[in-house]
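A.B. asks: The structure follows.
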Amino acid sequence: MLDRESTFADPKIIELLKTRFVPVAIDQAYQRRQQDAEGRFYQKIANQGPRKIGTGTTQGLYTAAGDGTFLGYTNNRGPDRTLKLMQEALAKHRPAKVAAIDPGKRDARFNPTPPEGGLVVRVTSKVLGGYPETDDPWRRIFQESIGRDNLWLRADETQALVKGEFPKSLLSRIARYHLVDNTRGEPPMWDDADVRLADSEVKDGKLRATVHLETKSGARAYRAEMLGFVEVKDGKVTRLDVVAKGEFRGEGPYTQRAPKGEFPFAVAFTLADGKDVADLVPPQGSRGWVAGYLR
């Protein structure tokens with residue numbers, strides 16, 4: 001979500017993306033490992049850039065022709081740098097007919113799909129205060145950024161909601177993988193031992209829950225109260241709206257510059273309607289271990 005407020009808020013970049021490029025957003029942690037046509041196409045492009053496959057992350061912004069010819073790369077969020085990358089790519093590009101790639105069989109390890117009979121829930125997170133005032137526009141973007149993820153429910157958990165229950169497995173998954181501060185980057189997830197308390201009760205379609213998460217060292221913690229509403233019609237969940245709000249403490253290796261001490265932090269959950277292409281994006285906590293995420 002940071003890029004939406006920086007790189008992709010620039011009107012010149014937006015116009016070029018709409019008219020001269022085919023924008024594609026991926027999780028390179030998947031594509032650089034995939035053994036299928038999609039993975040090989042991405043790997044071909046990345047291997048022409050400065051970050052080669054097999055040497056670690058290949059994250060960044062790439063421009064390429066339809067046949068996979070590399071046109072440019074940057075890992076800088078500055079709109080000026082990105083605009084220059086796009087303009088140089090257009091200058092280098094030589095239009096040509098390119099045969100469609102046969103997708104063949106997809107590598108199932110890196111193409112997970114939501115559980116059959118389950119649900120997809122959109123997750124949004126926000127730091128509500130605690131940052132020092134700043135005139136730095138980049139720092140302000142970090143301070144005001146919003147985290148985005150998806151929560152997956154199994155079929156049996158969905159049926160439990162239909163019956164007016166909130167299964168422990170669902171509360172545990174929410175606590176470990178979604179009550180995380182992902183507003184400034186990729187967050188560390190909570191371990192089983194970090195879940196000090198996770199209690200919930202559903203009565204007349206209203207959910208109330210209390211969660212206490214804390215690492216052994218105490219460097220990172222979150223105490224939150226959750227309030228939610230579950231509505232069912234004709235045996236189907238038609239509404240699932242939940243908000244967790246409380247005091248967070250700490251940061252991770254890739255979520256640095258958190259507010260000092262404890263700061264107010266909230267996470268909102270709402271049932272996806274399937275109309276947003278992002279609804280199919282796997283939960284971040286499921287990366288590389290979907291079965292463990294869904295247990």
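Where a number appears in this text, it was derived from the coordinates with a stated rule and is not lab data. Everything numeric here is computed off the predicted structure, so don't read it as measured data. In this analysis, Cβ positions are derived from the backbone assuming ideal geometry, glycine residues included, and neighbour counts consider all displayed protein chains.
A.B. asks: Quick one: check the C-alpha center-to-center distance for the range 170-247 versus the range 48-80, whole angstrom.
C.D. replies: 36
A.B. asks: Same structure again: Can you pick out the pairs among LYS163/LYS206; LYS18/LYS84; LYS163/LYS203; LYS168/LYS275; LYS12/LYS84; LYS245/LYS275 whose Cα atoms lie more than 18 Å from each other?
C.D. replies: Numbers: LYS163/LYS206 13 Å; LYS18/LYS84 16 Å; LYS163/LYS203 11 Å; LYS168/LYS275 29 Å; LYS12/LYS84 11 Å; LYS245/LYS275 27 Å.
Violating the 18 Å limit, Cα to Cα: LYS168/LYS275; LYS245/LYS275.
A.B. asks: For the chain, build the charge dipole from Cβ charges (+1 Lys, Arg; -1 Asp, Glu) around the Cα centre, then report which of GLY78, TRP152, PHE41 sits farthest towards its positive end.
C.D. replies: The residue sitting most towards the positive pole is PHE41.
A.B. asks: When you count, for each residue, the other Cβ atoms within 10 Å and take the mean per peptide, how do 45-56, 100-111 rank with the highest first? It would help to have the intermediate numbers written out before the result.
C.D. replies: Working: 45-56: 14.6, 100-111: 11.7.
Those peptides, ordered most packed to least, come out 45-56, 100-111.
A.B. asks: Could you work out [θ]222 nm for the chain from helices alone, using -39500 (n - 2.57) per DSSP H run of at least four and dividing by all its residues? Round to the nearest 500 deg cm²/dmol.
C.D. replies: Values: 9 runs with 73 residues, N = 295.
Theoretical 222 nm ellipticity from helices: -6500 deg cm²/dmol.
A.B. asks: Also, quick follow-up: Find how much the distance from ARG239 to LYS84 grows on full extension, using 0.36 nm per residue of separation minus their present alpha carbon separation; answer in nm with one decimal. Write out the running numbers ahead of the final one.
C.D. replies: Working: separation 155, 0.36 × 155 = 55.80 nm, distance 4.50 nm.
That works out to 51.3 nm of additional length.
A.B. asks: What residues from the range 197-212 fall in the zone where the backbone N is under 20 Å from a label point 7 Å along the Cα-to-C-beta line of VAL162?
C.D. replies: Correct set: 202-207.
A.B. asks: While we're here: Can you work out the Karplus-derived ³J(HN,Hα) for every residue in the range 87-101? Use 6.51 cos²θ - 1.76 cosθ + 1.60 with θ = phi - 60°, whole Hz, and x for glycine or proline.
C.D. replies: Karplus values, whole Hz, x for Gly and Pro: 5, 5, 5, 5, 5, 7, 5, 10, x, 7, 6, 10, 5, 5, 7.
A.B. asks: Let me ask something additional. Run down the lysines and flag those whose C-alpha is under 21 Å from the C-alpha of LYS44, throwing out any fewer than 8 positions away in its chain.
C.D. replies: Excluding near neighbours in sequence, the set is LYS52, LYS92, LYS97, LYS105.
A.B. asks: Same structure again: Convert each backbone phi in the range 41-49 into a coupling constant with the Karplus relation 6.51 cos²θ - 1.76 cosθ + 1.60 (shift: θ = phi - 60°), then list the ³J(HN,Hα) values in order as whole Hz, x for Gly and Pro.
C.D. replies: Coupling constants for the range 41-49: 5, 5, 4, 4, 5, 4, 5, 8, x Hz.
A.B. asks: Could you list SER217, SER200 so that the one with the fewest beta carbons within 10 Å of its beta carbon is first and the one with the most is last?
C.D. replies: On the way: SER217 8, SER200 19.
Going from least to most buried by this count: SER217, SER200.
A.B. asks: Let me ask something else about it. Please state the charge dipole magnitude for the chain, taken about the Cα centre, from unit charges on C-beta atoms (+1 on K and R, -1 on D and E), reported in debye and rounded to the nearest 20.
C.D. replies: On the way: 47 positive and 40 negative charges, 164 e Å.
It works out to roughly 780 debye.
A.B. asks: Gain in length, ILE101 to ARG223, computed as 0.36 nm per residue apart minus the alpha-carbon separation, to one decimal in nm?
C.D. replies: On the way: separation 122, 0.36 × 122 = 43.92 nm, distance 4.94 nm.
Here the segment from ILE101 to ARG223 would lengthen by 39.0 nm.
A.B. asks: Arrange the following residues from fewest to most other Cβ atoms within 10 Å of their Cβ: MET189, MET226. Before the final figure, lay out the partial values.
C.D. replies: Values: MET189 17, MET226 24.
In order of increasing Cβ crowding within 10 Å: MET189, MET226.
A.B. asks: Arranged by the count of other C-beta atoms within 10 angstrom, fewest first, what order do ASP191, ASP10 take? Don't skip to the end; give the middle numbers.
C.D. replies: Working: ASP191 11, ASP10 16.
By the 10 Å Cβ count, ascending: ASP191, ASP10.
A.B. asks: If packing is taken as the average number of other Cβ atoms within 10 Å across a peptide's residues, how do 179-187, 269-277 rank, most packed first? Don't jump to the answer; show the numbers that get you there.
C.D. replies: Details: 179-187: 22.1, 269-277: 13.3.
Highest mean packing first, the order is 179-187, 269-277.
A.B. asks: Tally Lys and Arg at +1 and Asp and Glu at -1 over the other residues with C-beta under 12 Å from the C-beta of GLU157: what net charge comes out?
C.D. replies: Numbers: positive: ARG154, LYS163, LYS168, ARG173, ARG295; negative: ASP156, GLU165.
Overall, the nearby charge balance is +3.
A.B. asks: Which FRET efficiency value, to the nearest 0.05, do you get for SER169 and HIS212 by plugging their Cβ-Cβ distance into 1/(1 + (r/R0)^6) with R0 = 22 Å?
C.D. replies: On the way: r = 18 Å, r/R0 = 0.83.
Between SER169 and HIS212 the formula returns 0.75.
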